[in-house]
1. If I go through the stretch 258-277 residue by residue, how many of them are buried (at least 24 other Cβ atoms within 10 Å of the Cβ) and in contact with a Ser or Thr (Cβ under 9 Å, 6 or more places away or on another chain)?
2. Which of (1) surrounded by 16 or more Cβ atoms within 10 Å (Cβ to Cβ); (2) in a loop (DSSP other than H, G, I, E, B) does Ser412 not meet, given it meets every other one?
3. Inspect all residues belonging to the stretch 218-232 and state whether any of them is in contact (Cβ under 8 Å) with a residue 60 or more places away in the chain and either touching a Phe, Trp or Tyr at 6+ places or on another chain (Cβ under 8 Å) or basic (Lys, Arg) (or both).
4. Inspect the stretch 56-68 for any residue being open to solvent by 10 Å² or more (accessible area, probe 1.4 Å) and within 28 Å of Gly347 (Cα to Cα) and give the result as yes or no.
5. Keeping to the stretch 278-292, report how many residues are surrounded by fewer than 24 Cβ atoms within 10 Å (Cβ to Cβ) and either among the basic types (Lys, Arg) or assigned to a helix (DSSP H, G or I) (or both).
6. Go through the stretch 160-204 residue by residue and tally those that are open to solvent by less than 40 Å² (accessible area, probe 1.4 Å), of a type outside the set (Gly, Ala, Ser) and part of a helix (DSSP H, G or I).
7. Taking interchain pairs and intrachain pairs at least six residues apart, which have beta carbon atoms under 8 angstrom, with the first residue in the stretch 334-361 and on the phi < 0 side of the Ramachandran plot and modelled with pLDDT under 95 and the second open to solvent by less than 10 Å² (accessible area, probe 1.4 Å) and of a type in the set (A, V, I, L, M)?
8. Has the stretch 294-301 got any residue that is among the aliphatic types (A, V, I, L, M), within 27 Å of Thr219 (Cβ to Cβ) and open to solvent by 20 Å² or more (accessible area, probe 1.4 Å)?
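The values are calculated or read from the model by the stated rules, or taken from the named source; none is laboratory data. No experiment lies behind these values; they were computed from the predicted model shown. Positions of Cβ are backbone-derived with ideal geometry, glycine not excepted, and every protein chain shown enters the neighbour counts. The protein model used for the area step is the full one, side chains on, heavy atoms only, and it has no ligands, DNA or RNA in it. Shrake-Rupley method; radii C 1.70, N 1.55, O 1.52, S 1.80 Å.
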Amino acid sequence: MQRIRFAVVLGLAAFSPALCGAADTYITAERLLDVRAGKYIEKPAILVREGKIVDVKTQAQLAAPADARRVDLAGLTLVPGLIDMHVHLDSDPTYGGYTYLQFTDRFWSAIMVPAARRTLDAGFTTVRNVGSSDWNDVGLRQAIEAGKVVGPRVVTAGYSFGSTGGHCDKTYFPPSFDAKNKYSADSPDEARKSVRAVRKYGAQVIKICATGGVFSRNTEPGQQQMSLAEMKSIVEEAKMQGLKVAAHAHGTSGIKDAIRAGVNTIEHASLIDDEGIALAKQYGAWLSMDIYNGTYTALEGKKNGVLEENLKKDREITDLQRENFRRAHAAGAKMVFGSDAGIYPHGDNAKQFAYMVKYGMSPIEAIRAATLNASEALGRDDVGVIEKGRFADLVGVKGDPLKDVTVLESVSAVVKGGEMIPKAVP
């Protein structure tokens, strides 16, 4: 048996079963969080074959095969690889307002690579990229899957779209620029066609903008910008294509119509009211509420070039969203972890956990939002839980996240598909 201690593994540039000549990997640690039960398994042993978990038991119950590669994460607590349901990997918060125009279009394709790596190093082994330009997220996903780039599993939306002049359109330019999102839809038939078009080029989830937003111009977060009929046609078409739908929806009426239309995840949900919460429970919609990033924008936004009108909207909506998060959770609405990373720096995703606990969740509920709940919302049974049949996506931290969820902000080890991910050079 080949035994590889944790400290040695971090120094390796690559770590694959082929290099080690072993069919299986045997992973041990101090303890493992069973997110279903909300309890720890002490001295766990995990047997991995071809990237997926074959068995999970205690070390006393499960012996290592004689030829197995062994990874000993001594002293660490293991949690499932974390899932962020709302990121924008081709966005960089240090370029706000119009400052991003100093770069050519392909600049944003390039910055996705380190952004993806920082996200993975932070323990997020799966992300849902809900909107990018120029099919950047699709290209990134393909590069990661081909082994050319190191990053998390990426569920891609390609272009997000909404109504002409709405939050998902290009709203920063005068008419002479003729800048627009070519997938904007202003009728049920146009909306249906946009679903087909973005799916054709690599969308694995459909992202729409049901209401105005904070970081667009000439829109207000509370404004509904897509009709119920348009959203119903999107959901119907997406379902026929085997895809789920996520809706950017800050405003009260837009949230409720998105839920009535059958949208799977409501992004932001800032101004949700009691009726909206009840509808979410009735329809089984998941709420993805990004309640950390307002802190970053308040501190750094002006320096980064964010326009005052956008900063004003952010100030007005941040506390309302956080209190509505508290109300929705207390009422029993289904919730997932969605951070809107890209509005704040990639790799800081886990800072949201503390805010989720501050506004009503227990640590295990916050962790479930980024593991078990997120996998269910994605419709996937191969991520989100450390159990037989799922990818061996693991995160090792020092300390007890059930007592102090902030330990998730400092990750000591990341395993993706049974492969130890060496720390990137800063």
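1. Number satisfying all stated conditions: 10.
2. Failed condition: (2).
3. No, every residue in the stretch 218-232 fails to be in contact (Cβ under 8 Å) with a residue 60 or more places away in the chain and either touching a Phe, Trp or Tyr at 6+ places or on another chain (Cβ under 8 Å) or basic (Lys, Arg) (or both).
4. no
5. So the answer is 5.
6. Residues flagged as open to solvent by less than 40 Å² (accessible area, probe 1.4 Å), of a type outside the set (Gly, Ala, Ser) and part of a helix (DSSP H, G or I) within the stretch 160-204 amount to 2.
7. Matching pairs, first to second residue: none at all.
8. Yes, some residue in the stretch 294-301 is among the aliphatic types (A, V, I, L, M), within 27 Å of Thr219 (Cβ to Cβ) and open to solvent by 20 Å² or more (accessible area, probe 1.4 Å).
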